Amino acid sequence: MAKLPKLTLTHNEKKDRWDLTKDGASRPAASFDTKSDATKGGALEKAVGKDGGSVKIQKVDGQFQEERTYPRAADPKKSPG
C-alpha cells in the first residue's frame with residue numbers, strides 16, 4: 001500500500017479561518033470558517049479526496065488535538081484509536 005498524503009488543519013489567525021494544508025505545501029487545499037465546519041459532516045474527507053490521507057488537527061494554541069485517517073480502512077492497524 002502506498003503512503004498516505006499528510007495534511008494538517010491549523011487556525012489562520014490573520015484570516016480568522018481554519019486551513020487544511022498538505023505537508024510541504026504553501027497554499028491550503030481547503031479553508032473553513034470554523035473548526036466545527038471542517039470536522040463535521042464529512043467535510044475533511046471530501047477535502048482530502050478519494051486517494052485519502054492522514055489529517056492532524058491542531059488546537060488554536062498549536063498543540064495537536066487528534067489525527068484522522070481517510071478512508072478509515074487505510075488506518076494503520078497498530079495505531080491506538
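For the stretch 54-65, which residues satisfy the criterion of being assigned to a strand (DSSP E or B) and either free of Cβ contacts under 8 Å to residues at least 12 places away in the same chain or farther than 23 Å from residue 3 by Cβ (or both)?
Quick first cut of the stretch 54-65, residues assigned to a strand (DSSP E or B) only: 54-58, 64-65.
Passing the criteria: 64, 65.
Which of the residues belonging to the stretch 3-17 are assigned to a strand (DSSP E or B) and either within 17 Å of residue 50 (Cα to Cα) or among the polar types (S, T, N, Q) (or both)? Before you say what the answer is, go through the steps one by one.
The first filter runs over the stretch 3-17 and keeps only residues assigned to a strand (DSSP E or B), leaving 6-12, 17.
Hits for the stretch 3-17 are 6, 7, 8, 10, 12.
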note = Filtering the stretch 25-34 down to residues that are in contact with a helix residue (DSSP H, G or I) (Cβ under 7 Å, 6 or more places away or on another chain) and either open to solvent by 60 Å² or more (accessible area, probe 1.4 Å) or assigned to a loop (DSSP other than H, G, I, E, B) (or both) yields 29
query = For the stretch 23-55, how many residues meet the condition of being under 9 Å from residue 70 (Cβ atoms) and among the hydroxyl-bearing types (Ser, Thr, Tyr)?
reply = 1
remark   = Of the conditions (1) assigned to a loop (DSSP other than H, G, I, E, B); (2) in contact with a helix residue (DSSP H, G or I) (Cβ under 9 Å, 6 or more places away or on another chain), the single one that residue 20 does not satisfy is (1)
inquiry  = Suppose we filter 16, 23 for residues that are without any contact (Cβ under 8 Å) to a residue 24 or more places away in the chain and in contact with a Ser or Thr (Cβ under 8 Å, 6 or more places away or on another chain); which single one remains?
reply    = 23
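Could you check the stretch 35-53 and list, in sequence order, the residues that are assigned to a loop (DSSP other than H, G, I, E, B) and either under 13 Å from residue 10 (Cβ atoms) or open to solvent by 60 Å² or more (accessible area, probe 1.4 Å) (or both)?
Answer for the stretch 35-53, where residues must be assigned to a loop (DSSP other than H, G, I, E, B) and either under 13 Å from residue 10 (Cβ atoms) or open to solvent by 60 Å² or more (accessible area, probe 1.4 Å) (or both): 40, 41, 50, 51.
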key: Close pairs from the stretch 27-41: first among the basic types (Lys, Arg), partner open to solvent by less than 60 Å² (accessible area, probe 1.4 Å), Cβ under 8 Å, at least 6 apart   = 27/21; 35/9; 35/11; 35/18; 35/57
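Matching residues to (1) β-branched (Val, Ile, Thr); (2) at pLDDT 90 or above; (3) open to solvent by less than 80 Å² (accessible area, probe 1.4 Å):
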site: 16; (1), (2), (3): no, yes, no
site: 61; (1), (2), (3): no, yes, no
site: 66; (1), (2), (3): no, yes, yes
site: 75; (1), (2), (3): no, no, yes
site: 78; (1), (2), (3): no, no, no
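The values are calculated or read from the model by the stated rules, or taken from the named source; none is laboratory data. It should be emphasised that the depicted structure is a prediction, and the values quoted were computed from it without experimental measurement. Quick reminder, even Gly has a Cβ in these numbers, built from the backbone with ideal geometry, and neighbours come from all protein chains shown. Each accessible area value is taken on the protein alone, full model and side chains, heavy atoms only, with ligands, DNA and RNA left out. Shrake-Rupley method; radii C 1.70, N 1.55, O 1.52, S 1.80 Å.
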